[in-house]
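These notes are about the structure you will find just below.
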Amino acid sequence: MVMEKVYAVIDLKSFYAGVECAERGLDPFTTPLVVCDERRGDGTIIMAVTPYLKAKGLNNVMRKFDLPKGINYIFAKPRMELYIQRSTEFNALLLNYFAKEDWYPYSIDETFVHLTPYLELYKKTPEALIEFIIKEIYDHFKLYVTVGIAPNMFLSKCVLDLEAKKDPRFYARWTMEDVQNKLWHVKPLHKIWGIGKRYEKRLNKLGLFSMGDIAKYPKTKMKEEFGIMGEQLWEHAHGIDNTDLSETYIPLDKSLTSGQVLMRDYTGGEVPVLIREMTDELCMRMRKNNLKAKKVALHILTSKPESTSFSKSMSLLLPTSGNTELYRAFMEVYKRFPLDGTSVRALHLSVSGLTNDPYEQLSLIEDYVTQNTKEQKLWETIDDLHERFGKDKIMRANALTKASTYLRRTTQIGGHNK
(Lines give C-alpha, C1' and ligand atoms only; values in the text may rest on other atoms or scores of the structure.)
Protein backbone atom coordinates (compact mmCIF):
# COMPACT_ATOMS: atom_id res chain seq x y z
CA MET A 1 0.00 0.00 0.00
CA VAL A 2 1.38 3.40 -1.05
CA MET A 3 1.60 5.83 1.86
CA GLU A 4 -0.34 9.07 1.45
CA LYS A 5 2.02 12.03 1.17
CA VAL A 6 2.03 14.60 3.94
CA TYR A 7 2.69 18.33 3.51
CA ALA A 8 2.55 21.17 6.01
CA VAL A 9 2.35 24.93 5.70
CA ILE A 10 3.71 26.77 8.74
CA ASP A 11 2.34 30.27 9.33
CA LEU A 12 3.94 32.71 11.79
CA LYS A 13 0.85 33.91 13.66
CA SER A 14 0.21 37.69 13.35
CA PHE A 15 3.89 37.84 12.42
CA TYR A 16 4.82 41.53 12.73
CA ALA A 17 2.74 41.99 15.88
CA GLY A 18 4.09 38.72 17.25
CA VAL A 19 7.68 39.86 16.77
CA GLU A 20 6.97 43.18 18.50
CA CYS A 21 5.37 41.38 21.47
CA ALA A 22 8.29 38.94 21.69
CA GLU A 23 10.74 41.86 21.74
CA ARG A 24 8.79 43.42 24.63
CA GLY A 25 8.17 40.18 26.55
CA LEU A 26 4.40 40.52 26.04
CA ASP A 27 1.72 37.90 25.40
CA PRO A 28 0.11 38.59 21.98
CA PHE A 29 -3.10 36.87 23.16
CA THR A 30 -3.65 39.42 25.93
CA THR A 31 -1.93 42.53 24.52
CA PRO A 32 -3.66 45.24 22.40
CA LEU A 33 -0.57 45.92 20.24
CA VAL A 34 -0.84 47.53 16.80
CA VAL A 35 2.03 47.68 14.28
CA CYS A 36 1.57 51.18 12.92
CA ASP A 37 3.69 54.31 12.65
CA GLU A 38 1.27 56.63 14.45
CA ARG A 39 3.41 59.69 13.64
CA ARG A 40 2.28 59.46 10.01
CA GLY A 41 -1.24 60.53 10.93
CA ASP A 42 -4.64 58.92 11.28
CA GLY A 43 -4.61 57.72 7.66
CA THR A 44 -1.58 55.50 8.10
CA ILE A 45 -2.09 51.79 7.35
CA ILE A 46 -2.23 49.18 10.11
CA MET A 47 0.40 46.56 9.24
CA ALA A 48 -0.59 44.01 11.88
CA VAL A 49 -2.57 43.56 15.08
CA THR A 50 -2.22 40.93 17.81
CA PRO A 51 -4.53 37.88 18.09
CA TYR A 52 -6.06 39.64 21.10
CA LEU A 53 -7.30 42.46 18.86
CA LYS A 54 -8.28 40.09 16.04
CA ALA A 55 -10.57 38.34 18.52
CA LYS A 56 -12.28 41.73 18.99
CA GLY A 57 -12.94 42.02 15.25
CA LEU A 58 -9.92 44.07 14.16
CA ASN A 59 -7.85 43.12 11.13
CA ASN A 60 -4.81 44.26 9.16
CA VAL A 61 -6.82 45.84 6.32
CA MET A 62 -7.60 49.10 8.09
CA ARG A 63 -6.18 52.51 8.92
CA LYS A 64 -5.44 54.17 12.24
CA PHE A 65 -8.67 56.18 12.19
CA ASP A 66 -10.62 52.88 11.92
CA LEU A 67 -9.39 51.67 15.33
CA PRO A 68 -12.29 51.39 17.83
CA LYS A 69 -12.17 53.81 20.74
CA GLY A 70 -11.86 52.78 24.37
CA ILE A 71 -8.82 50.48 24.02
CA ASN A 72 -5.41 51.47 25.39
CA TYR A 73 -3.41 50.50 22.29
CA ILE A 74 0.34 49.92 22.23
CA PHE A 75 1.62 51.36 18.95
CA ALA A 76 4.75 49.68 17.57
CA LYS A 77 6.62 51.44 14.79
CA PRO A 78 7.23 48.98 11.92
CA ARG A 79 10.76 47.54 11.77
CA MET A 80 11.08 45.69 8.47
CA GLU A 81 14.75 44.78 8.90
CA LEU A 82 13.90 43.03 12.18
CA TYR A 83 10.96 41.15 10.60
CA ILE A 84 13.10 40.00 7.67
CA GLN A 85 15.80 38.89 10.10
CA ARG A 86 13.29 36.86 12.16
CA SER A 87 11.82 35.31 9.01
CA THR A 88 15.32 34.31 7.88
CA GLU A 89 16.10 32.83 11.30
CA PHE A 90 12.77 30.96 11.32
CA ASN A 91 13.52 29.37 7.95
CA ALA A 92 17.09 28.59 8.98
CA LEU A 93 15.66 26.71 11.97
CA LEU A 94 13.40 24.66 9.68
CA LEU A 95 16.41 23.77 7.54
CA ASN A 96 17.97 22.18 10.60
CA TYR A 97 15.28 19.48 10.32
CA PHE A 98 14.27 19.43 6.64
CA ALA A 99 16.29 19.34 3.42
CA LYS A 100 16.15 22.33 1.11
CA GLU A 101 14.39 20.35 -1.65
CA ASP A 102 11.51 19.68 0.79
CA TRP A 103 11.20 23.31 1.92
CA TYR A 104 9.56 26.26 0.16
CA PRO A 105 9.20 29.76 1.70
CA TYR A 106 5.91 31.06 0.28
CA SER A 107 6.03 34.50 1.92
CA ILE A 108 7.78 36.33 4.75
CA ASP A 109 5.59 34.49 7.27
CA GLU A 110 4.57 31.23 5.56
CA THR A 111 6.66 28.23 4.57
CA PHE A 112 5.67 24.88 3.03
CA VAL A 113 7.43 21.66 4.07
CA HIS A 114 7.15 18.14 2.61
CA LEU A 115 6.95 15.98 5.74
CA THR A 116 6.70 12.49 4.20
CA PRO A 117 10.45 11.59 4.13
CA TYR A 118 10.93 12.70 7.76
CA LEU A 119 8.19 10.70 9.47
CA GLU A 120 10.27 7.53 9.36
CA LEU A 121 13.52 9.42 9.98
CA TYR A 122 12.28 11.01 13.21
CA LYS A 123 9.95 8.13 14.12
CA LYS A 124 7.03 10.52 14.58
CA THR A 125 3.49 10.92 13.32
CA PRO A 126 2.76 14.11 11.33
CA GLU A 127 1.03 15.59 14.38
CA ALA A 128 3.92 14.73 16.73
CA LEU A 129 6.51 16.15 14.32
CA ILE A 130 4.57 19.40 13.95
CA GLU A 131 4.11 19.70 17.72
CA PHE A 132 7.89 19.39 18.05
CA ILE A 133 8.46 22.10 15.40
CA ILE A 134 5.90 24.43 17.02
CA LYS A 135 7.73 24.08 20.36
CA GLU A 136 11.14 24.65 18.73
CA ILE A 137 9.97 27.87 17.09
CA TYR A 138 8.50 29.17 20.35
CA ASP A 139 11.57 28.19 22.41
CA HIS A 140 13.92 29.95 19.98
CA PHE A 141 11.92 33.07 19.09
CA LYS A 142 8.91 33.25 21.45
CA LEU A 143 6.75 33.28 18.32
CA TYR A 144 3.53 31.33 17.83
CA VAL A 145 2.75 29.49 14.60
CA THR A 146 -0.28 27.76 13.11
CA VAL A 147 0.12 24.77 10.83
CA GLY A 148 -2.04 23.10 8.21
CA ILE A 149 -1.26 19.43 7.48
CA ALA A 150 -2.61 17.61 4.41
CA PRO A 151 -1.71 15.30 1.48
CA ASN A 152 -0.63 18.20 -0.78
CA MET A 153 0.20 21.91 -0.75
CA PHE A 154 -3.26 23.12 -1.80
CA LEU A 155 -5.09 21.17 0.90
CA SER A 156 -2.53 22.10 3.57
CA LYS A 157 -3.16 25.80 2.81
CA CYS A 158 -6.92 25.21 2.96
CA VAL A 159 -6.75 23.47 6.31
CA LEU A 160 -4.49 26.25 7.62
CA ASP A 161 -6.90 29.02 6.60
CA LEU A 162 -10.15 27.22 7.36
CA GLU A 163 -9.43 25.18 10.47
CA ALA A 164 -5.92 25.35 11.98
CA LYS A 165 -6.10 29.05 12.85
CA LYS A 166 -9.12 28.31 15.07
CA ASP A 167 -7.74 25.14 16.66
CA PRO A 168 -6.44 25.52 20.26
CA ARG A 169 -3.54 23.18 19.39
CA PHE A 170 -2.44 25.64 16.66
CA TYR A 171 -2.56 22.93 13.99
CA ALA A 172 -5.08 20.76 12.15
CA ARG A 173 -4.85 17.90 9.68
CA TRP A 174 -6.95 16.79 6.72
CA THR A 175 -6.70 13.58 4.70
CA MET A 176 -8.28 12.87 1.32
CA GLU A 177 -11.34 11.63 3.18
CA ASP A 178 -11.96 15.20 4.39
CA VAL A 179 -12.29 16.66 0.89
CA GLN A 180 -16.01 15.89 0.55
CA ASN A 181 -17.07 16.48 4.16
CA LYS A 182 -15.01 19.64 4.75
CA LEU A 183 -13.73 21.24 1.53
CA TRP A 184 -16.90 20.78 -0.53
CA HIS A 185 -19.03 22.71 1.95
CA VAL A 186 -16.87 25.87 1.98
CA LYS A 187 -18.64 29.03 0.81
CA PRO A 188 -18.29 31.79 -0.25
CA LEU A 189 -15.61 30.63 -2.66
CA HIS A 190 -13.18 33.50 -1.99
CA LYS A 191 -12.36 31.77 1.31
CA ILE A 192 -10.41 29.25 -0.77
CA TRP A 193 -6.74 29.94 -1.47
CA GLY A 194 -6.30 31.23 -5.02
CA ILE A 195 -9.92 32.34 -5.62
CA GLY A 196 -10.40 36.11 -5.67
CA LYS A 197 -13.74 37.89 -5.50
CA ARG A 198 -13.78 38.61 -9.25
CA TYR A 199 -13.11 34.96 -10.02
CA GLU A 200 -15.82 34.05 -7.53
CA LYS A 201 -18.39 36.21 -9.38
CA ARG A 202 -17.61 34.44 -12.67
CA LEU A 203 -18.07 31.09 -10.94
CA ASN A 204 -21.33 32.22 -9.34
CA LYS A 205 -22.73 33.14 -12.78
CA LEU A 206 -22.33 29.46 -13.71
CA GLY A 207 -24.26 28.45 -10.59
CA LEU A 208 -21.10 27.44 -8.74
CA PHE A 209 -21.18 28.62 -5.13
CA SER A 210 -19.17 25.97 -3.28
CA MET A 211 -16.19 23.70 -3.95
CA GLY A 212 -18.68 20.81 -4.09
CA ASP A 213 -20.48 22.59 -6.95
CA ILE A 214 -17.18 22.91 -8.83
CA ALA A 215 -16.28 19.25 -8.17
CA LYS A 216 -19.59 18.13 -9.72
CA TYR A 217 -19.29 20.49 -12.73
CA PRO A 218 -17.87 18.91 -15.93
CA LYS A 219 -14.09 19.31 -16.10
CA THR A 220 -14.21 20.00 -19.85
CA LYS A 221 -16.63 22.90 -19.34
CA MET A 222 -14.42 24.36 -16.60
CA LYS A 223 -11.49 24.31 -19.00
CA GLU A 224 -13.59 25.87 -21.79
CA GLU A 225 -14.69 28.69 -19.48
CA PHE A 226 -11.47 29.40 -17.55
CA GLY A 227 -8.68 27.70 -19.51
CA ILE A 228 -5.94 25.81 -17.69
CA MET A 229 -6.87 27.61 -14.44
CA GLY A 230 -10.39 26.14 -14.64
CA GLU A 231 -8.97 22.66 -15.07
CA GLN A 232 -6.69 23.20 -12.07
CA LEU A 233 -9.58 24.52 -9.96
CA TRP A 234 -11.66 21.43 -10.79
CA GLU A 235 -8.75 19.24 -9.66
CA HIS A 236 -8.38 21.29 -6.46
CA ALA A 237 -12.07 20.73 -5.76
CA HIS A 238 -11.31 17.00 -5.82
CA GLY A 239 -8.31 17.51 -3.51
CA ILE A 240 -5.80 16.99 -6.32
CA ASP A 241 -2.60 19.06 -6.41
CA ASN A 242 0.46 17.59 -8.12
CA THR A 243 2.85 20.40 -7.16
CA ASP A 244 6.27 19.01 -6.29
CA LEU A 245 8.45 21.10 -3.96
CA SER A 246 11.60 19.57 -5.45
CA GLU A 247 10.79 21.01 -8.89
CA THR A 248 12.41 24.39 -9.54
CA TYR A 249 10.23 26.94 -11.32
CA ILE A 250 12.05 28.91 -14.01
CA PRO A 251 10.01 31.88 -15.29
CA LEU A 252 9.89 32.39 -19.05
CA ASP A 253 10.45 36.14 -18.74
CA LYS A 254 12.43 37.63 -15.88
CA SER A 255 11.59 41.12 -14.67
CA LEU A 256 12.41 43.66 -11.97
CA THR A 257 9.99 46.20 -10.56
CA SER A 258 9.95 49.36 -8.47
CA GLY A 259 6.75 50.97 -7.22
CA GLN A 260 5.44 53.39 -4.65
CA VAL A 261 2.14 54.76 -3.40
CA LEU A 262 2.62 58.50 -2.95
CA MET A 263 1.77 60.35 0.26
CA ARG A 264 0.17 63.24 -1.66
CA ASP A 265 -1.06 64.13 -5.14
CA TYR A 266 1.76 64.71 -7.62
CA THR A 267 1.47 67.00 -10.62
CA GLY A 268 2.64 65.92 -14.06
CA GLY A 269 5.74 68.08 -13.74
CA GLU A 270 6.83 66.41 -10.50
CA VAL A 271 6.51 62.81 -11.68
CA PRO A 272 9.73 62.80 -13.79
CA VAL A 273 11.74 63.30 -10.57
CA LEU A 274 10.28 60.06 -9.22
CA ILE A 275 10.79 58.24 -12.52
CA ARG A 276 14.47 59.28 -12.47
CA GLU A 277 14.97 57.99 -8.91
CA MET A 278 13.14 54.71 -9.51
CA THR A 279 15.04 54.16 -12.76
CA ASP A 280 18.32 54.58 -10.86
CA GLU A 281 17.14 51.95 -8.37
CA LEU A 282 16.27 49.45 -11.12
CA CYS A 283 19.59 50.04 -12.89
CA MET A 284 21.50 49.47 -9.67
CA ARG A 285 19.73 46.14 -9.19
CA MET A 286 20.48 45.12 -12.78
CA ARG A 287 24.17 45.98 -12.46
CA LYS A 288 24.36 43.99 -9.23
CA ASN A 289 23.11 40.90 -11.11
CA ASN A 290 24.88 41.65 -14.40
CA LEU A 291 21.58 42.04 -16.27
CA LYS A 292 20.27 44.20 -19.09
CA ALA A 293 16.66 44.99 -20.02
CA LYS A 294 14.96 44.70 -23.41
CA LYS A 295 11.63 46.23 -22.39
CA VAL A 296 10.27 48.89 -20.02
CA ALA A 297 6.73 49.28 -18.64
CA LEU A 298 5.08 52.07 -16.67
CA HIS A 299 1.88 51.92 -14.63
CA ILE A 300 0.24 55.03 -13.15
CA LEU A 301 -2.76 55.43 -10.83
CA THR A 302 -4.34 58.87 -10.83
CA SER A 303 -5.80 60.57 -7.76
CA LYS A 304 -9.31 60.23 -6.37
CA PRO A 305 -12.23 60.78 -6.54
CA GLU A 306 -12.16 59.17 -10.01
CA SER A 307 -8.97 57.13 -9.88
CA THR A 308 -7.88 55.77 -13.26
CA SER A 309 -4.99 53.47 -14.01
CA PHE A 310 -2.82 53.61 -17.13
CA SER A 311 -0.30 51.00 -18.24
CA LYS A 312 2.00 51.21 -21.25
CA SER A 313 5.23 49.52 -22.30
CA MET A 314 7.93 49.89 -24.90
CA SER A 315 10.58 47.57 -26.36
CA LEU A 316 14.15 48.85 -26.63
CA LEU A 317 16.35 48.66 -29.71
CA LEU A 318 19.20 47.24 -27.65
CA PRO A 319 19.25 45.62 -24.19
CA THR A 320 20.73 48.01 -21.63
CA SER A 321 21.24 48.75 -17.95
CA GLY A 322 22.24 52.36 -18.59
CA ASN A 323 20.55 54.90 -16.31
CA THR A 324 20.27 57.59 -19.00
CA GLU A 325 18.93 55.27 -21.70
CA LEU A 326 16.34 53.69 -19.47
CA TYR A 327 15.22 57.03 -18.04
CA ARG A 328 14.69 58.32 -21.58
CA ALA A 329 12.69 55.19 -22.40
CA PHE A 330 10.48 55.54 -19.32
CA MET A 331 9.90 59.22 -20.10
CA GLU A 332 8.96 58.33 -23.66
CA VAL A 333 6.31 55.98 -22.27
CA TYR A 334 5.19 58.56 -19.69
CA LYS A 335 4.57 61.16 -22.38
CA ARG A 336 2.05 58.81 -23.99
CA PHE A 337 -0.30 58.93 -20.99
CA PRO A 338 -3.37 61.18 -21.45
CA LEU A 339 -3.11 62.75 -18.00
CA ASP A 340 -4.32 66.23 -19.03
CA GLY A 341 -3.39 67.85 -15.73
CA THR A 342 -4.63 64.93 -13.59
CA SER A 343 -2.66 64.32 -10.42
CA VAL A 344 -0.78 61.05 -9.84
CA ARG A 345 -1.01 58.99 -6.62
CA ALA A 346 0.85 55.76 -7.44
CA LEU A 347 3.69 54.87 -9.77
CA HIS A 348 5.07 51.49 -10.84
CA LEU A 349 8.09 50.90 -13.11
CA SER A 350 9.31 47.56 -14.44
CA VAL A 351 12.01 46.25 -16.73
CA SER A 352 11.68 42.86 -18.42
CA GLY A 353 13.24 40.66 -21.06
CA LEU A 354 16.28 40.57 -18.80
CA THR A 355 19.43 39.01 -20.17
CA ASN A 356 23.01 38.61 -19.02
CA ASP A 357 24.34 38.45 -22.59
CA PRO A 358 27.90 39.92 -22.37
CA TYR A 359 27.99 41.03 -26.01
CA GLU A 360 27.32 44.62 -27.14
CA GLN A 361 25.56 45.68 -30.34
CA LEU A 362 27.46 48.73 -31.56
CA SER A 363 25.89 51.83 -33.13
CA LEU A 364 27.26 53.47 -36.29
CA ILE A 365 25.65 56.79 -35.33
CA GLU A 366 26.74 57.38 -31.73
CA ASP A 367 30.01 56.90 -29.89
CA TYR A 368 28.21 54.15 -28.00
CA VAL A 369 31.22 52.47 -26.41
CA THR A 370 32.83 55.62 -24.98
CA GLN A 371 29.56 57.13 -23.76
CA ASN A 372 28.21 54.00 -22.09
CA THR A 373 31.50 52.82 -20.66
CA LYS A 374 31.98 56.16 -18.90
CA GLU A 375 28.45 56.10 -17.47
CA GLN A 376 28.81 52.45 -16.44
CA LYS A 377 32.04 53.16 -14.52
CA LEU A 378 30.47 56.23 -12.87
CA TRP A 379 27.46 54.28 -11.60
CA GLU A 380 29.55 51.31 -10.51
CA THR A 381 31.55 53.74 -8.37
CA ILE A 382 28.35 55.21 -6.95
CA ASP A 383 27.06 51.68 -6.24
CA ASP A 384 30.25 50.96 -4.30
CA LEU A 385 29.92 54.19 -2.29
CA HIS A 386 26.28 53.40 -1.49
CA GLU A 387 27.29 49.92 -0.33
CA ARG A 388 30.05 51.21 1.91
CA PHE A 389 28.59 54.43 3.31
CA GLY A 390 24.82 54.35 2.68
CA LYS A 391 22.56 55.67 -0.06
CA ASP A 392 21.99 58.96 1.75
CA LYS A 393 25.69 59.95 1.50
CA ILE A 394 25.76 60.56 -2.26
CA MET A 395 22.71 61.34 -4.36
CA ARG A 396 21.34 63.40 -7.22
CA ALA A 397 20.72 67.07 -6.42
CA ASN A 398 16.99 66.68 -7.10
CA ALA A 399 16.82 64.36 -4.06
CA LEU A 400 16.64 67.60 -2.06
CA THR A 401 13.60 68.89 -3.92
CA LYS A 402 10.03 68.79 -2.61
CA ALA A 403 9.00 66.24 -5.24
CA SER A 404 11.68 63.70 -4.32
CA THR A 405 11.00 60.68 -2.12
CA TYR A 406 14.60 59.45 -2.33
CA LEU A 407 15.77 60.22 1.21
CA ARG A 408 12.59 58.84 2.78
CA ARG A 409 12.89 55.62 0.76
CA THR A 410 16.51 55.07 1.86
CA THR A 411 15.16 54.53 5.38
CA GLN A 412 12.49 52.02 4.27
CA ILE A 413 12.09 48.45 3.09
CA GLY A 414 9.05 47.77 0.93
CA GLY A 415 7.62 51.18 1.77
CA HIS A 416 7.90 50.63 5.54
CA ASN A 417 10.45 51.71 8.12
CA LYS A 418 13.52 49.53 8.43
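Brief remarks on what is shown
- Residue in segment 69-88 that is crowded, with 20+ Cβ neighbours inside 10 Å, acidic (Asp, Glu) and within 20 Å of Val19 (Cβ to Cβ) present: no
- The set of residues from segment 78-98 being among the aliphatic types (A, V, I, L, M) and in contact (Cβ under 8 Å) with a residue 12 or more places away in the chain comprises Met80, Leu82, Ile84, Leu93, Leu94.
- Failed item, numbered, when Val61 is tested on (1) under 22 Å from the mean Cα position of the chain (by Cα); (2) touching a residue at least 24 places away in the same chain (Cβ under 8 Å); (3) in a loop (DSSP other than H, G, I, E, B): (2)
- Qualifying residue in segment 325-336 (condition: more than 21 Å from Val261 (Cα to Cα), at pLDDT 90 or above, β-branched (Val, Ile, Thr) and surrounded by 11 or more Cβ atoms within 10 Å (Cβ to Cβ)): no
Residue-wise test of (1) modelled with pLDDT under 85; (2) part of a loop (DSSP other than H, G, I, E, B); (3) over 30 Å from Lys288 (Cα atoms).
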{"residue": "Gly212", "(1), (2), (3)": "no, no, yes"}
{"residue": "Glu224", "(1), (2), (3)": "no, no, yes"}
{"residue": "Gln232", "(1), (2), (3)": "no, no, yes"}
{"residue": "Asp241", "(1), (2), (3)": "no, yes, yes"}
{"residue": "Asp244", "(1), (2), (3)": "yes, yes, yes"}
{"residue": "Ile250", "(1), (2), (3)": "yes, yes, no"}
{"residue": "Thr257", "(1), (2), (3)": "no, no, no"}
{"residue": "Leu262", "(1), (2), (3)": "yes, no, no"}
{"residue": "Asp265", "(1), (2), (3)": "no, no, yes"}
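- Tally of residues being over 14 Å from His238 (Cβ atoms) and either surrounded by 12 or more Cβ atoms within 10 Å (Cβ to Cβ) or touching a Phe, Trp or Tyr at 6+ places or on another chain (Cβ under 6 Å) (or both) across segment 187-207: 14
- Near pairs, Cβ below 9 angstrom, 6+ apart or cross-chain, from segment 313-334 (closer than 18 Å to Thr373 by Cβ) to any residue that is assigned to a strand (DSSP E or B) and of a type in the set (Val, Ile, Thr): Pro319/Thr355; Ser321/Val351; Leu326/Val296; Leu326/Thr320; Leu326/Val351
- Taking segment 96-178 as the region of interest, the strands (runs of 3 or more DSSP E) fully inside it that hold 1 or more residues being among the aliphatic types (A, V, I, L, M) are 110-114, 145-150, 171-173.
- Test for Glu306: is it modelled with pLDDT of 90 or more and assigned by TED's automatic domain parsing to the domain that holds Ala403: no
- Selection count where residues are closer than 13 Å to Thr267 by Cβ and out of contact with any helix residue (DSSP H, G or I) (no Cβ under 8 Å at 6 or more places or on another chain), scope segment 333-350: 6
- Qualifying residues in segment 337-351 (those that are of a type in the set (A, V, I, L, M, F, W, C) and surrounded by fewer than 20 Cβ atoms within 10 Å (Cβ to Cβ)) - the one modelled with the lowest pLDDT: Leu339
The values are calculated or read from the model by the stated rules, or taken from the named source; none is laboratory data. Note that the structure is predicted; figures quoted are calculated from it, not measured. Backbone-built Cβ (ideal geometry, glycine too); neighbour counts: all protein chains shown.
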